[in-house]
Amino acid sequence: MLDQNRALDPRRQRAITRYYADAGAGGVAVGVHTTQFAIREKGLYEPVLRLAAETMREWGGPERVLVAGVTGKTEQALREVDTARGLGYHAALLNLARLKGLSEDEILEHCQRVAEEMPVIGFALLPEVGGFHLSYDFWLRFARIDNVLAIKMAPFDRYRTLDIIRAVYDAGADDRITLYTGNDDHIGLDLMVPFVVRSADGKTEKRARIRGGLLGHWSVWVKPAVDMLARIHAIADDQPMPVDVLALDSIVTDCNGAIYDAHHDLKGCIPGCLEVLRRQGLVEGTWCLDPNEVLSPGQSEQIDRVYRQYPEMNDDAFVANNLERWLSDDGQRLPLVA
């Protein structure tokens, strides 16, 4: 959360975390894509992580998960782990973008080194936002690292998503590693459908399920996202998924296309999220650390469109009812309005 001078706005940074807590999010991932990777170059990594951790503990309680985005080559990643661990974060979400060009053996060695210091969440990041694809063999070996808790799958590619799921099960790590979707183009279906995983000889079969999401898209309209996830979780794995729940997949994807700027290769994804928060009053503008990072042509109109077509997907009323509380110094003395 920045002010018009592109400086950190602590009041609104606290407010956004209070919003996430009251909306029911199971935790926050900080220092990741939608936090803006450039916080590192601006000396904001520790202040932003500290504000989020302190606010979530105060507002949401100790049961909320704190995930720290960790990036860079091994030396930088270990410094960030040291910072995150000192602030009470529970796990490191490993962004491997800066390791592009290294061999998979070298990348795996990096992951193992970080996992020696802190529980790790793997991250398959699509090339459009700086990532690169890794093989089934890499994910198989990654899943065998004892301190891996989860994997965020965001290749925006069904084939590669299946590679990761198979790798986790083939490694015998399915009881330890939780699968999260980061596939913004398939959020709903990723959470709803079972994935068939069979043994190499085809004689045994398991059904894999993705249990949650680590999504920049879920930095906005959070309460309906939490409600949708709870509705999906309430349906037993062996029960059919109602048609109206299945239909949410296309609705969520269409909303994501507008907010995350799918038609311009996601160039306006962070300003798009900030634009939604600006309209709600949680932030004053769509300023990013990079002044060239702005809404794409026509993106605001696309956000207008999904607001009109899918009013049930926004939580504007919830935000309006509680905004004063989240922005105030003594907000906990004011009642939460559902």
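At-a-glance table
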item: Any hit, segment 252-263, residues being touching a Ser or Thr at 6+ places or on another chain (Cβ under 8 Å), at pLDDT 95 or above, buried (at least 22 other Cβ atoms within 10 Å of the Cβ) and of a type outside the set (Gly, Ala, Ser); result: yes
item: Qualifying residue in segment 289-303 (condition: part of a loop (DSSP other than H, G, I, E, B), in contact with a strand residue (DSSP E or B) (Cβ under 9 Å, 6 or more places away or on another chain), in contact (Cβ under 8 Å) with a residue 60 or more places away in the chain and surrounded by fewer than 20 Cβ atoms within 10 Å (Cβ to Cβ)); result: yes
item: Test: residue in segment 70-78 that is touching a residue at least 24 places away in the same chain (Cβ under 8 Å), under 18 Å from the mean Cα position of the chain (by Cα), crowded, with 18+ Cβ neighbours inside 10 Å and part of a loop (DSSP other than H, G, I, E, B); result: yes
item: Residue count, segment 134-155 (criterion: in a helix (DSSP H, G or I), surrounded by 21 or more Cβ atoms within 10 Å (Cβ to Cβ) and either of a type in the set (Ser, Thr, Tyr) or in contact with a strand residue (DSSP E or B) (Cβ under 7 Å, 6 or more places away or on another chain) (or both)); result: 1
item: Residues of segment 1-40 that turn out to be crowded, with 20+ Cβ neighbours inside 10 Å, assigned to a helix (DSSP H, G or I) and of a type in the set (Val, Ile, Thr), as a count; result: 4
item: Residue within segment 57-70 that is within 24 Å of residue 287 (Cα to Cα) and touching a helix residue (DSSP H, G or I) at 6+ places or on another chain (Cβ under 6 Å) present; result: yes
item: Test: residue in segment 121-131 that is buried (at least 22 other Cβ atoms within 10 Å of the Cβ), closer than 19 Å to residue 178 by Cα, among the β-branched types (Val, Ile, Thr) and in contact (Cβ under 8 Å) with a residue 60 or more places away in the chain; result: yes
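The values are calculated or read from the model by the stated rules, or taken from the named source; none is laboratory data. If you're wondering where the values come from, they're calculated on a predicted model, not measured in any experiment. Heads up, the Cβs are rebuilt from the backbone with ideal geometry, glycines too, and the neighbour counts pull from every protein chain shown.
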